[in-house]
Amino acid sequence: MAKDNYIIPIFVPHLGCPHDCVFCNQREITGVRTRLSQDEVIHKIDSYLATIPKTAKKIEVAFYGGSFTGVDPKYQIELLSVAKERLVQGRINGIRLSTRPDYINNQILLRLKEYGVSAIELGVQSLRDEVLKASTRGHSRSDVIKAVNLIRKYDFELGLQIMPGLPASNLESDLATAKEIINLNPDFVRIYPTLVIKGTELAELYKAKKYTPLTLEDAVEISSLLLEYFKEAGIKVIRIGLQPSEGVNNEQVVAGPFHSSFRQLVESRLLLKKIEEKIKVDKINRLVLIVNSKDMSNIRGQKNSNINHLYDKYNLEEIDIKVNDNLARGSLTINIE
């Protein structure tokens, strides 16, 4: 079955950001080491468009990698004009980009409006100044608040990114950041547990034993808590964990919770928690779990881990999983016998 929504990713070189955040090596992640020409962008967008089904409901061009609004304005316009032309032609439905909170002002936002940008993602990462400082982010919590208010003023769709596990952070500070993000009421969020990428300052700190990354287990647990917070607040989580498709692979990751199916691990953990919260009796013979068909793999867990855990912990005789597609994704009905 064809998808309804498509993103055409354009990775912009690391030209717009003078800051070297401890975790960042955009050249390593994106694989882009030279300035993209306008012709290259035209070719990339048109090549993608040629492969996308005519039945697609939404197609967006997304400028990733580095801090887009920090590059030379003439270069921004050069890239945006290509996307805007296809927007005017009706070949795409939107233009989105990612940038830093301290690279947002009225002049920048007016330019983005003029060239058809519809969504802006801010790399917030944390809303604790001590964590931002330890990560050499180069901006403060107040910069984030100011940027969010300006973006809302110009009526862009707003996305915020959070990075659990940064230097000087802990579970308490990560959860506090999530609660503040909820108060800022973004349209969507991304959860990116911190990875140690080769060629970064964080890699050096890790080698010197001055930084301890999250284990996969800790990252799944923290991310499941964050996902639950955002779901309860009605905020869409569009990505959890960096994916191989985003240019990250095992060769580039020195340490940290990298997993090709990280989101599934998190969603599976969340469903397991819901089941265990419901189980409060000492002796259970049979457990009936009813889920949306799209949650079947999540309810079972990778390699049947959730089911095996429940059998072992509660000495169950039978677990019966049934399907009801009237249930929302991520929810379930639990019957205990």
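Of note:
- Residue list for region 106-135, filter: within 26 Å of A168 (Cβ to Cβ), among the hydroxyl-bearing types (S, T, Y) and in contact with a helix residue (DSSP H, G or I) (Cβ under 7 Å, 6 or more places away or on another chain): S126
- Within region 198-221, the set of residues being in contact with a helix residue (DSSP H, G or I) (Cβ under 6 Å, 6 or more places away or on another chain) and surrounded by 18 or more Cβ atoms within 10 Å (Cβ to Cβ) comprises Y211, V220.
- Wholly enclosed helices (runs of 4 or more DSSP H) of region 224-337 bearing at least 3 residues within 26 Å of the chain's Cα centre (by Cα) and closer than 16 Å to P193 by Cβ: 262-278
- Top-ranked residue in region 71-97 [being within 10 Å of I59 (Cα to Cα) and either at pLDDT below 95 or touching a Ser or Thr at 6+ places or on another chain (Cβ under 7 Å) (or both); ranked as surrounded by the fewest Cβ atoms within 10 Å (Cβ to Cβ)]: G94
- Test for R141: is it in contact with a Ser or Thr (Cβ under 6 Å, 6 or more places away or on another chain), more than 30 Å from R86 (Cα to Cα), at pLDDT 95 or above and not small (G, A, S): no
The values are calculated or read from the model by the stated rules, or taken from the named source; none is laboratory data. Quick caveat, the model's predicted, so the values are computed rather than measured. Glycine gets a Cβ as well: all are built from the backbone with ideal geometry, and neighbour counts include every protein chain shown.
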